[in-house]
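Read the structure below first, then the notes.
The values are calculated or read from the model by the stated rules, or taken from the named source; none is laboratory data. Everything numeric here is computed off the predicted structure, so don't read it as measured data. FYI the Cβ positions are ideal-geometry reconstructions off the backbone, even for glycines, and counts take in every protein chain you see. Heads up: the accessible areas ignore ligands, DNA and RNA and are worked out on the full protein's heavy atoms, side chains in. Shrake-Rupley method; radii C 1.70, N 1.55, O 1.52, S 1.80 Å.
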Amino acid sequence: MTGLIVHEWISKTGGSENVLDAMTAAFPDSEVMCLWNDDPTRLRASRVRESWLAATPLRGRKALSLPFMPMVWRNLSNESQYEWILASSHVFAHQAHFRQYPEVAKFVYVHTPARYIWNPELDARGSASVARMAAPFFKSLDRKFAQDRSRIAANSRYVRDRILTSWHRESEVIYPPVDVSRIQQEGDWRNALSVEEEQIVAALPPTFVLGASRFVPYKRLGVVVGVGEATDVPVVLAGSGPDEGRLRRLARDSRVPVLIVLAPSDALLYALYQLALVYVFPAIEDFGIMPVEAMASGARVIVSTEGGASESVVNGLTGFHVESFDGDEIRKAVSDAAGLDRNASALRARAFGTDRFQAALHTWISGDDESAVFGAP
């Protein structure tokens, strides 16, 4: 069956782009439609179609493009006679619609209902005055266009609940793909490091708490510094981004040593996972790819009780769920996590591999199981 994969926009990096890669590999004959493509090397040019927004000054300007996105997605042409649409949606791509062929089957994979419309408390962009004023209109439109004959899959139970609240739609759960097999192909990632990276590892404290993600405020990496202070354990922060300056100030003023590793390669990041006492992930994410990557490396992981990461981390087996990242609760969690079996983490991560995701997609779209829930146990 020939289909069209719809994706909001294609960036050079991102969790939704990893999902897109797995989708296009699962359906190699499909084409891709996006608002604009900022990574032309990801897929061959003949396979990707950009919207008319890509040829305007609105290209790449997500907030300013919002009013026009529904117009794009609701007026797709089907000159290639696609038999189905698979929409990868975290803003409005779930509204994708062939104006002349409304009967074409549609499958919507939802990373999240647009956070800055439906859950501004989880996305600072929704706190701007213009966004708050426009939210009621966009909510009404978004919910209206979600009431079609599409089948919907959420990337976590956490998102499934928000879909029900936002769109009043039921959905299945298909957890997103993580390249677990690649991470586990190397027993000790220190063997794959460059000379410069080996020097970084040699300078690490013998015991440390790890925080790793993009350096942006909502990832809450400052909380990881607080965990180090609460437990008297040095901290390593790995990543890059606009919050670097603030994190460096926190590191300078911390009561425990804080080492910042900028823009680590995959190999170095996996080595840090393997060497860390615990990996602390305080962000409230829709799913959370990095906790699964950490478990694939054998790390013990501490996450919030809120958000999708609590669905992958098994409380008391591969890490702990905490309501608070300070005080006695976090001290006990770090102490107890240090005694957990790293092999249990590695085994748990395999439930989220790319092969499992692609098999679930094929089953979902083929309709072989109308009532399946494809989430990992």
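Points to keep in mind about this one:
- Residue count for the stretch 59-102, restricted to those that are in a loop (DSSP other than H, G, I, E, B) and closer than 19 Å to Asp38 by Cβ: 6.
- If you go through the stretch 10-58 and keep only what is assigned to a strand (DSSP E or B) and either touching a residue at least 24 places away in the same chain (Cβ under 8 Å) or crowded, with 18+ Cβ neighbours inside 10 Å (or both), you end up with Ile10, Glu31, Val32, Met33, Cys34, Asn37, Val48.
- Test for Glu8: is it out of contact with any Gly (no Cβ under 8 Å at 6 or more places or on another chain), modelled with pLDDT of 95 or more and either under 25 Å from Ala146 (Cβ atoms) or not aromatic (Phe, Trp, Tyr) (or both): yes
- Hey, Phe320 at pLDDT 95 or above, in a loop (DSSP other than H, G, I, E, B) and not β-branched (Val, Ile, Thr) or not: no
Every residue, every condition in (1) within 22 Å of Ser312 (Cα to Cα); (2) in contact with an Asp or Glu (Cβ under 8 Å, 6 or more places away or on another chain), yes or no:
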| site | (1), (2) |
| --- | --- |
| Arg157 | yes, yes |
| Leu164 | yes, yes |
| Pro176 | yes, no |
| Asn191 | no, no |
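- Those strands (runs of 3 or more DSSP E) of the stretch 176-267 in which at least 3 residues are free of Cβ contacts under 8 Å to residues at least 40 places away in the same chain, considering only elements entirely within it, cover 235-239, 258-262.
- Residue in the stretch 289-303 that is surrounded by fewer than 18 Cβ atoms within 10 Å (Cβ to Cβ), touching a helix residue (DSSP H, G or I) at 6+ places or on another chain (Cβ under 7 Å) and basic (Lys, Arg) present: no
- Residue match in the stretch 304-316 (condition: open to solvent by less than 40 Å² (accessible area, probe 1.4 Å), out of contact with any Pro (no Cβ under 8 Å at 6 or more places or on another chain), of a type in the set (Val, Ile, Thr) and in contact (Cβ under 8 Å) with a residue 12 or more places away in the chain): no
- Filter result for Leu361 (open to solvent by less than 10 Å² (accessible area, probe 1.4 Å), of a type in the set (A, V, I, L, M, F, W, C), under 21 Å from Gly228 (Cβ atoms) and part of a helix (DSSP H, G or I)): no
- In the stretch 134-183, the residue that is surrounded by the fewest Cβ atoms within 10 Å (Cβ to Cβ) out of those that are within 17 Å of the chain's Cα centre (by Cα) and hydroxyl-bearing (Ser, Thr, Tyr) is Tyr158.
- Residue satisfying all of: in the stretch 81-105; touching a Phe, Trp or Tyr at 6+ places or on another chain (Cβ under 7 Å) and open to solvent by 10 Å² or more (accessible area, probe 1.4 Å); farthest from Glu285 (Cα to Cα) among these: Val104
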